[in-house]
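**Q** Shown below is the structure under consideration.
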Amino acid sequence: MAGLSAPRAMASPKYLYDALGSKLFEAICELPEYYPTRTEAAILARHGADIAESVGSGVTLIDLGAGNCAKAARLFPLLSPAQYVPIDISADFLHDAVQQLRQRFPQIEMLPLGMDFSATLALPQEVGRSRRLFFYPGSSIGNFHPDEALAFLRRLRAADGELLIGIDLVKDHAVLDAAYDDALGVTASFNLNLLNHLNRLLQADFNLREWRHRGFFNPALSRIEMHLEARHALTVRWRGGERRFAEGERIHTENSYKYTPDSFAALLREAGYRLAQSWTDEAGWFMVCHARRGDL
């Protein structure tokens, strides 16, 4: 409600991920334009042995924004985690995924947690404390403003964890624009579905037909921006409030900051980590980093 009432309306990207939003994001990851998922997967497959040597086996693998858990599951044969702790805001979707995963890997203890970890990270006592590895793939760190990303990384460090993280790198603007505004319109559906979610949460009356998706790279801020734009002047009402939107006025729904290898290494250092090792694809589009606490 605060975001919708702000001078420039916004909604947190976490509200993109209800049950339908999670499935739509799975579909986005299959699109030819959306390179991050397949590029990161290729890095993990090609350099899996090196990653396992750097990280070690028997870790407590804490999967942040786990979704369908597929990315972490590919690491199980390499890392042999003692415990797997997938965390996602879409709890029902997560529990369904873990139920299937338990059948494939009965030897791994699994503790799924339905949690919004973007602001706090309160892990229960059942989560192992020895050799914690926070796995944060997909360049989701880019959804945070750099100051928020720094605070988030500091929270992970305070939770006594190493880090295995995916970073989307700065590249040709046309490649970035296409990845967030695909020809099939799946990303548009993903973004518009946020309004369905807000309708349920706030008893709001958004009409999806009155809005359009906008996704583009902002070079001045080195970030992709996603917005929902009003097709005409309209009023939206919700429990305890309302707002008049002019034609063309937007709701800012997501940012995805893009880093250079040097700028992300600097962010890690500021958060109290030191870069142990990093791996990229041949084109230099994406990077996977293993970072340890700076005092170790």
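**Q** I'd like the residue in segment 5-18 that is part of a helix (DSSP H, G or I) and in contact with a helix residue (DSSP H, G or I) (Cβ under 8 Å, 6 or more places away or on another chain) and, out of all such residues, is farthest from R38 (Cα to Cα).
**A** We begin by selecting, within segment 5-18, every residue part of a helix (DSSP H, G or I); these are 5, 13-16.
Then keep just the ones that are in contact with a helix residue (DSSP H, G or I) (Cβ under 8 Å, 6 or more places away or on another chain); that gives 13, 15-16.
Values: P13: 22, Y15: 24, L16: 21 Å.
Among them, the one singled out is Y15.
**Q** Among the candidates F93, F25, single out the residue that is closer than 30 Å to A246 by Cα and among the aromatic types (F, W, Y).
**A** F25
**Q** Also, I was wondering about something else. For Q99, only one of the following conditions fails: (1) in a helix (DSSP H, G or I); (2) closer than 30 Å to W285 by Cα; (3) open to solvent by 60 Å² or more (accessible area, probe 1.4 Å). What is its number?
**A** (2)
**Q** Just to check your reading of the model, which residue among A178, A183 is on the phi < 0 side of the Ramachandran plot and crowded, with 16+ Cβ neighbours inside 10 Å?
**A** Values: A183 fails: crowded, with 16+ Cβ neighbours inside 10 Å.
Only one candidate passes the filter, namely A178.
**Q** Considering only segment 57-85, how many residues are outside any helix (DSSP H, G or I) and farther than 18 Å from Y136 by Cβ?
**A** In the first step, residues of segment 57-85 are kept if they are outside any helix (DSSP H, G or I); the result is 57-69, 74-75, 80-85.
Add one more test, that the residue is farther than 18 Å from Y136 by Cβ, and what stays is 57-58, 80, 82.
Residues meeting the conditions: 4.
**Q** Please go through segment 8-44 and pick out each residue that is among the polar types (S, T, N, Q) and modelled with pLDDT under 95. Full working, then the answer.
**A** Going residue by residue through segment 8-44, those that are among the polar types (S, T, N, Q) are 12, 22, 37, 39.
Correct list: S12, S22, T37.
**Q** Report yes if some residue within segment 44-61 is closer than 24 Å to D168 by Cβ and touching a Cys at 6+ places or on another chain (Cβ under 7 Å); otherwise report no.
**A** No, segment 44-61 contains no residue that is closer than 24 Å to D168 by Cβ and touching a Cys at 6+ places or on another chain (Cβ under 7 Å).
**Q** Sticking with this one: Take segment 47-56 and flag every residue that is assigned to a helix (DSSP H, G or I), open to solvent by less than 30 Å² (accessible area, probe 1.4 Å) and touching a residue at least 40 places away in the same chain (Cβ under 8 Å). Walk me through it before giving the result.
**A** Keep residues of segment 47-56 that are assigned to a helix (DSSP H, G or I), which gives 48-55.
If we keep only those that are open to solvent by less than 30 Å² (accessible area, probe 1.4 Å) as well, we get 48, 51-52, 54-55.
Matches in segment 47-56: I51, S54, V55.
**Q** Looking at segment 150-177, which of the residues that are part of a helix (DSSP H, G or I) and in contact with a strand residue (DSSP E or B) (Cβ under 8 Å, 6 or more places away or on another chain) is farthest from P32 (Cα to Cα)? It would help to see each step written out before you state the result.
**A** To start, the set of residues in segment 150-177 that are part of a helix (DSSP H, G or I) comprises 150-158, 173-177.
Right, trim to in contact with a strand residue (DSSP E or B) (Cβ under 8 Å, 6 or more places away or on another chain) and you get 153, 156-157, 173, 176-177.
Details: L153: 31, L156: 33, R157: 35, H173: 16, L176: 12, D177: 13 Å.
By that ranking, first place goes to R157.
**Q** Would you confirm, using the coordinates I've provided, whether D182 is outside any helix (DSSP H, G or I) and either in contact with a His (Cβ under 6 Å, 6 or more places away or on another chain) or among the acidic types (D, E) (or both)?
**A** Working: outside any helix (DSSP H, G or I): yes; either in contact with a His (Cβ under 6 Å, 6 or more places away or on another chain) or among the acidic types (D, E) (or both): yes.
The answer is yes for D182.
**Q** Which members of segment 143-175 meet the condition of being in contact with a helix residue (DSSP H, G or I) (Cβ under 9 Å, 6 or more places away or on another chain), farther than 17 Å from P13 by Cα and surrounded by 17 or more Cβ atoms within 10 Å (Cβ to Cβ)?
**A** Hits for segment 143-175 are L153, E162, L163, L164, I165, G166, I167, D168, L169, V170.
**Q** Okay, moving on. For segment 19-46, how many residues meet the condition of being among the acidic types (D, E), in contact (Cβ under 8 Å) with a residue 60 or more places away in the chain and either farther than 20 Å from G215 by Cα or not in a loop (DSSP other than H, G, I, E, B) (or both)? Talk me through it step by step, then tell me what you get.
**A** Kept after step one, since they are among the acidic types (D, E), are these residues of segment 19-46: 26, 30, 33, 40.
Filter once more, so that each one left must be in contact (Cβ under 8 Å) with a residue 60 or more places away in the chain: 33, 40.
Pick out the ones that are also either farther than 20 Å from G215 by Cα or not in a loop (DSSP other than H, G, I, E, B) (or both) and you get 40.
Total satisfying the criteria: 1.
**Q** So is A204 surrounded by 19 or more Cβ atoms within 10 Å (Cβ to Cβ), farther than 21 Å from K23 by Cα and not basic (K, R) or not?
**A** So A204 fits the description; yes.
**Q** Moving on. Which of the residues that make up segment 124-136 are touching a Leu at 6+ places or on another chain (Cβ under 8 Å) and surrounded by 18 or more Cβ atoms within 10 Å (Cβ to Cβ)? Steps first, please.
**A** We begin by selecting, within segment 124-136, every residue touching a Leu at 6+ places or on another chain (Cβ under 8 Å); these are 124, 126-127, 133-136.
Passing the criteria: L133, F134, F135, Y136.
**Q** Could you check how many residues of segment 118-144 are under 25 Å from T260 (Cα atoms), touching a strand residue (DSSP E or B) at 6+ places or on another chain (Cβ under 7 Å) and assigned to a loop (DSSP other than H, G, I, E, B)?
**A** The number of residues fulfilling the criteria is 3.
Matching residues to (1) under 30 Å from G138 (Cα atoms); (2) crowded, with 18+ Cβ neighbours inside 10 Å; (3) under 23 Å from the mean Cα position of the chain (by Cα):
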| position | (1), (2), (3) |
| --- | --- |
| H227 | yes, yes, yes |
| A230 | yes, yes, no |
| L234 | no, no, no |
| R237 | no, no, no |
| R244 | no, no, no |
| G248 | no, no, no |
| Y257 | yes, yes, yes |
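The values are calculated or read from the model by the stated rules, or taken from the named source; none is laboratory data. All figures in this text were calculated on a predicted structure; none of them were measured in a lab. So basically every Cβ, Gly included, is an ideal-geometry build from the backbone, and we count neighbours across all protein chains shown. Note: accessible area is taken over every heavy atom of the protein model, side chains too, but ligands, DNA and RNA are not part of it. Shrake-Rupley method; radii C 1.70, N 1.55, O 1.52, S 1.80 Å.
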